[in-house]
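What follows is a single structure, written as structure tokens, with notes after it.
The values are calculated or read from the model by the stated rules, or taken from the named source; none is laboratory data. Everything quoted here is computed from the prediction, not taken from an experiment. A quick note on method: Cβ atoms are made from the backbone with ideal geometry, for glycine too, and the neighbour counts reach across all protein chains shown. Only protein heavy atoms, including side chains, enter the accessible area calculation; ligands, DNA and RNA are left aside. Shrake-Rupley method; radii C 1.70, N 1.55, O 1.52, S 1.80 Å.
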Amino acid sequence: MISKSRVEQVLVDNDKETAEFDWPLFKQFAAYLRPYLKQLAVMYSLAILNVVSTVLIPIALRHGIDTHIAAGDVSGLLRISALLLGLVTVLYLSARGQGLFMVRIGYRVLYELRRDLFGKLQYLSFRYFDRERAGKIMSRLTNDVQVLEELLQAGLDTIVVDAFMIVGITAAMFLLDARLALILLFTIPAFALLVFVLRTRILHAGRRIQRKLGSVNAFLNESISGIKVIRAFAREDENTAMFHEINADYVAQARRFYPLLAVFWQCVIMLATIGPAMVLAGGGILLAQGTITLGVIAAFLTYINRFFQPMQKISNMINQLSRAMASAERVFEIINQEPDIVDAPGAKRDVSIGGEVEFRNVWFAYEGEEYVARDLSFHVEPGETVAIVGPTGAGKTTIINLLCRFYDPLHGAVLVDRYDLRELAQSAYRSHLAVVMQDTRIFSGSVLDNIRFGRPEASEQEVRDVARRMSIHEMIEAMPDGYLSEIGERGSSLSLGQKQLLAFARALLRDPSILILDEASSYLDSNTEALVQKAMDELSHGRTTFVIAHRLATIRGADRIIVMEDGRIVEVGSHAELLDRDGAYAKLLHTQYAARV
């Protein structure tokens, strides 16, 4: 269980929440709007129609009161009523159309942004994933895209339209009566202070309280998922005390936040009352003097109630824009990331792989680390089964990473069928590989879907044939829905051994030229392992097979065994030959047997 001081740092993303406006970044984001310029033009036209209708309604109201109601002109009043009804209809339809266009464009842009972001992640080099935490990447795909979604939904029209609204209402008020319009000189500064200062503080405080709540939820999640470990180490009291501290931090933040929020809304209500009250007071005095009409006062009351809404929306937009800049910076950091491993111009795509493999003077190091492969050279004939053994950190998995071209050597070359892997298109080459890793990756879906993952076009009969050869057909048929049984997220309904067997079947259905088994039998019991070993002996014929295993008993039948230490090859030979030499392999074997005794 991590300490309290590390909860927010580790479990809650600590990226900056706001950023200054960045024009090049904004242009890159705005490029997603370029295909929708016609729709945007229609949306802004509707928005301007909305503004015009909003400004004209109080004017029509003033005319109806002063010209027709005062004179008792019923027919004129009906005409004005019809005009008002028309303006309200235009207002409704333009607002609805504007909203529909905004949602349609916004969600389309978000779709394309998520598509590009996810697509880039599929092809980024493994060095990128070595550097970045999975949780941080997930935050880009969820939290940061959500912030951009809020900007798109609230901000595609806000700045322009609400600015027009403020200008239009102000102009109309001064045209109606400049003296009464001076009320704005008293109310605007107070409201601006509320909106742009106090509200900004509230938004920042709100984000802080959300982070505190995130800490509470993260700690709860970690505690629930690790409850067995907590109980096993008798850490219940300490864990409860730590949660009380984190929860107290959240409550303390809430105590500061909610009074601030209450003050803001009380001030908004007070200003919303003071504005109309000043209009009534000032208008009443002018009306008594005979210098203003009742219709003008009614129009002003309508305008003053509408005036402060666009200011509040612009304030929200400014805050959202600063948050969106920080999120866009992180999102486009991924989209603009260039992979380290790329296909060379003219890379060969139409290749037939026989399975000949050669490592030629290969040196390799992961980022910021020492060499984990030092001058590796060996040659494997097509159809050979080669086992790679050695202590932890010897460089066994590095060989597999280089053979799959997850990384490129820093020096030397990896050749398959005498092609340097850098000459081959990655997807074309990997279509001839099948890999079963120690950490078996089983996906949600059915048993059939998972076995067919490597060759989606395979028929159900082909899947069944492979399952029979792997001796797991009966096991699958015993499941509730047989091959159509849902296995849950990451195969949660399966045992470790069952997951491993499905991964074997998935690899063998692919019928690869090169088969790679990285600690692939580490989770199998002795009975299951015997079945798998028998199937592997049969199916390894005709394909090059690389086996990495700590359990040396599983690789006795390999054609050759490569023994590694500290990134170097120290021995090569068959099981019998290496035992006769009584070298590094014999010591590993004796150590393993001694550990069992």
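Accessible area per residue for the range 421-500, computed on protein heavy atoms with a 1.4 Å probe, is 50 Å². The alpha carbon centroids of the range 268-333 and the range 36-105 are separated by 19 Å. When the accessible area of the chain is split by element with a 1.4 Å probe, what percent falls to carbon and sulfur? Carbon and sulfur together cover 59 percent of it. Electrostatic tally near residue 408: other residues with Cβ closer than 15 Å to its Cβ, Lys and Arg +1, Asp and Glu -1, net -2.
An ellipsoid equivalent to the range 95-252, defined through the eigenvalues of its Cα gyration tensor, has semi-axes of 46, 27, 11 Å when rounded to whole angstrom and sorted largest first.
Can you tell me the order of 267-275, 41-49 when each peptide is scored by its average per-residue count of other Cβ atoms within 10 angstrom, highest first?
Numbers: 267-275: 14.8, 41-49: 17.9.
Descending mean neighbour count gives 41-49, 267-275.
D by Stokes-Einstein for the chain, Kirkwood Rh over Cα pairs, 37 °C, 0.692 mPa s: 107 µm²/s.
In this label model, residue 336 and residue 462 are separated by 4.4 nm, measuring between points 7 Å along each Cα→Cβ vector.
Mind giving me the FRET efficiency for residue 39 and residue 115? R0 is 22 Å, r the Cβ-Cβ distance, nearest 0.05 is fine. With a Förster radius of 22 Å, E is 0.70. For the range 404-494, the gyration tensor built on C-alpha atoms gives a prolate shape. Its axis ratio a/c (a ≥ b ≥ c) is at least 1.5, and a/b is the larger of a/b and b/c. Secondary-structure-derived ellipticity at 222 nm for the chain, considering helices only, amounts to -19500 deg cm²/dmol, per-run term -39500 (n - 2.57) for DSSP H runs with n ≥ 4.
Need one word for the range 433-484: rounded, prolate or oblate. Basis is the Cα gyration tensor (sqrt eigenvalues a ≥ b ≥ c); a/c below 1.5 gives rounded, then a/b vs b/c decides. Before the final figure, lay out each step's value.
On the way: a/c = 1.43, a/b = 1.29, b/c = 1.11.
Rounded shape, in that the Cα axes give a/c under 1.5.
Cα-Cα over 31 Å: which of 136/396; 27/136; 38/120; 38/313; 27/348; 120/228? Flagged as over cut-off: 27/348; 120/228.
A Förster distance of 60 Å, applied to the separation of the beta-carbon atoms of residue 420 and residue 484, puts the FRET efficiency at 0.85. Taking the Cα atoms of the range 25-76, the ratio Rg/Rh between the radius of gyration and the Kirkwood radius comes to 1.42. Amide H to amide H, with H built 1.01 Å from N, residue 546 comes under 5 Å of 386, 515, 516, 517, counting only residues 5 or more places away or on other chains.
Between residue 179 and residue 28, take the C-beta separation as r, use R0 = 60 Å, and let me know the FRET efficiency to the nearest 0.05. Could you put the intermediate results ahead of the total?
Values: r = 49 Å, r/R0 = 0.82.
The pair residue 179/residue 28 has a calculated efficiency of 0.75.
Quick one: compute a quarter of the convex hull surface over the Cα atoms of the range 263-322 and quote it in nm². Walk me through the numbers before you get to the answer.
Details: hull surface 18.9 nm².
Computed as one quarter of the Cα hull surface, the answer is 4.7 nm².
Here the chain carries DSSP beta bridges of which approximately 50% are antiparallel, counting only pairs with both residues inside.
Seen against the Cα atoms of the chain and their longest principal axis, helix 236-288 is set at about 20 degrees. Across the range 345-419, the mean sequence separation of Cα contacts (distance under 8 Å, 6 or more residues apart), normalised by length, yields a relative contact order of 42 percent.
Here the peptides 446-456, 251-261 are ranked by packing, the mean other Cβ count within 10 Å, and the order with the highest first is 446-456, 251-261.
With a cut-off of 15 Å between beta carbons, the residues surrounding residue 31 carry a summed charge of +1, where Lys and Arg count +1 and Asp and Glu -1.
Accessible area per residue for the range 55-117 in Å², computed with a 1.4 Å probe and the full protein assembly in place, what is it?
Numbers: 3530 Å² over 63 residues.
Here the per-residue accessible area is 56 Å².
Protection proxy ranking of 415-422, 182-189, by the mean of other Cβ atoms within 10 Å over each peptide's residues and highest first, is 415-422, 182-189.
In a shell of Cβ-Cβ distance under 14 Å around residue 571, excluding residue 571 itself, what net charge do Lys and Arg (+1) and Asp and Glu (-1) give? Before the final figure, lay out each step's value.
Details: positive: 396, 560, 568, 581, 587; negative: 565, 566, 577, 580, 582.
For residues surrounding residue 571, the net value is 0.
Placing a label point 7 Å from the Cα of residue 190 along the Cα-to-Cβ direction, the residues of the range 266-305 whose backbone N falls under 17 Å from that point are 266-283, 301, 304-305. Annotation: for a label point projected 7 angstrom from Cα along Cα→Cβ of residue 200, residues of the range 314-335 with backbone N closer than 13 Å are 315-323. Shown here for the range 330-383: GluC sites (Glu not before Pro) in loop regions (DSSP other than H, G, I, E, B) with at most 16 other Cβ atoms within 10 Å, namely 367, 369, 370.
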